[in-house]
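A.B. asks: So that we are looking at the same thing, I have put the structure below in structure tokens.
Derivation of every value follows stated rules applied to the coordinates shown; laboratory data play no part. Everything quoted here is computed from the prediction, not taken from an experiment. So basically every Cβ, Gly included, is an ideal-geometry build from the backbone, and we count neighbours across all protein chains shown.
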Amino acid sequence: MSTLPPPIARISRAVWRDGELRETSDRATPEETAIAMVYDGGTQAVMMATPADVEDFAVGFSLTEGIVAGLDEIESLEVVDHDGVGLEARMWLAKDRARSLTSRRRNLAGPTGCGLCGIDSLEQAVKAARHVTAETVFSAQDIHDALDALSRAQSLNFATRAVHGAGFYRPGQGLIAAREDVGRHNALDKLAGCLARTGEDATTGFVVLTSRVSVEMIQKAAVIGVGLVVAVSAPTALGVRMADEAGITLAAIARGDGFEVFTYPHRIVAAPGAALVAGASAP
């Protein structure tokens, strides 16, 4: 296993304040590194991402982009550092999955967290999301606690103020996992990979995001299997429609004083005691 480059660099900059140049000093700045997703010796996608939790990123990307259906279809994974040029996440797949991938393989370089790598048709870009089966009910307090917990867990963002975060919260246990990246899709992919690799039951918790909720974020959350997605920022209209189609409760524009629920409000209740109740039905 290669030693990954540091996710933060110290960059010298001049500070302009009150109409004059006040000081010159260093600032913590997040790194962006080209990370190639390589399957059976062929590159499927190249993403610009934060060089941290790359194994989680590789697994999560593979799952949420439909390259594999489960962790067991990745037979081996190795991260290789190409001396400042970028990283390769080299994966070898089970034979049946490898044959399926060959038919859709396409080399594609994308911007930070583009979310569309390997897509070669409009139909694939807006493909239907999985329909979730999770029916755990959460309290409004759970949502506020998750937002606070994710904020405290974002060490990279605390240092740089320039990265997105994605977390998985379970009532009674708190924030189970959190991942950060310069790309919002990447952060969610890293979280998906982490949950898959640790065997977490996603139906018993929910995803909390620091970014806006676009259609790709809902598609990825549906693969993870959560019934609730909470976001600090606003959703797109297509993101709302996709959440409705997938059966996901979408709560966004979440702040300390409240949040807005766009789909399936039955999964959010006022009383903390209802947080572990399952089986509620949509109104």
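A.B. asks: Return Phe259, Phe206, Phe168 ranked ascending by Cβ neighbour count within 10 Å, so the fewest neighbours appear first.
C.D. replies: Ascending Cβ contact count within 10 Å gives the list Phe259, Phe168, Phe206.
A.B. asks: Which whole-number percentage describes the relative contact order of the chain, with Cα contacts under 8 Å and a sequence gap of 6 or more?
C.D. replies: 19
A.B. asks: Near Lys127, which lysines are there with a Cα under 16 Å away, not counting those fewer than 8 places off in the same chain?
C.D. replies: Lys220
A.B. asks: Then there's this: Please state the relative contact order of the stretch 138-274 as a whole percent: Cα pairs under 8 Å, 6+ residues apart?
C.D. replies: So the answer I get is 23 percent.
A.B. asks: May I ask you to derive the relative contact order of the stretch 210-271, considering only C-alpha pairs under 8 Å and at least 6 residues apart, and to give it as an integer percent?
C.D. replies: Reported as a whole number, the value is 31 percent.
A.B. asks: Can you find, among Gly41, His164, Gln154, the residue sitting farthest towards the positive end of the charge dipole of the chain, where Lys and Arg contribute +1 and Asp and Glu -1 at Cβ?
C.D. replies: Value computed over the given set: His164.
A.B. asks: Identify which of His164, His131, His82 has the largest mean-square fluctuation in a Gaussian network model of the chain, with springs joining Cα atoms closer than 10 Å.
C.D. replies: His82
A.B. asks: Treating cross-link reach as a plain straight distance, find the aspartates and glutamates whose alpha-carbon is under 12 Å from the alpha-carbon of Lys190, omitting any fewer than eight places away in the same chain.
C.D. replies: Answer for Lys190, where 12 Å is the Cα cut-off: Asp53, Glu55, Asp56, Glu180, Asp181, listed by chain and number.
A.B. asks: Calculate, in nm to one decimal, what Lys95 and Thr24 gain on full extension: separation in residues at 0.36 nm each, minus their alpha carbon distance.
C.D. replies: Length gained, Lys95 through Thr24: 20.0 nm.
A.B. asks: Among Asp257, Asp189, Asp56, what is the fewest-to-most ranking by other Cβ atoms within 10 Å?
C.D. replies: So the residues, fewest neighbours to most, are Asp257, Asp56, Asp189.
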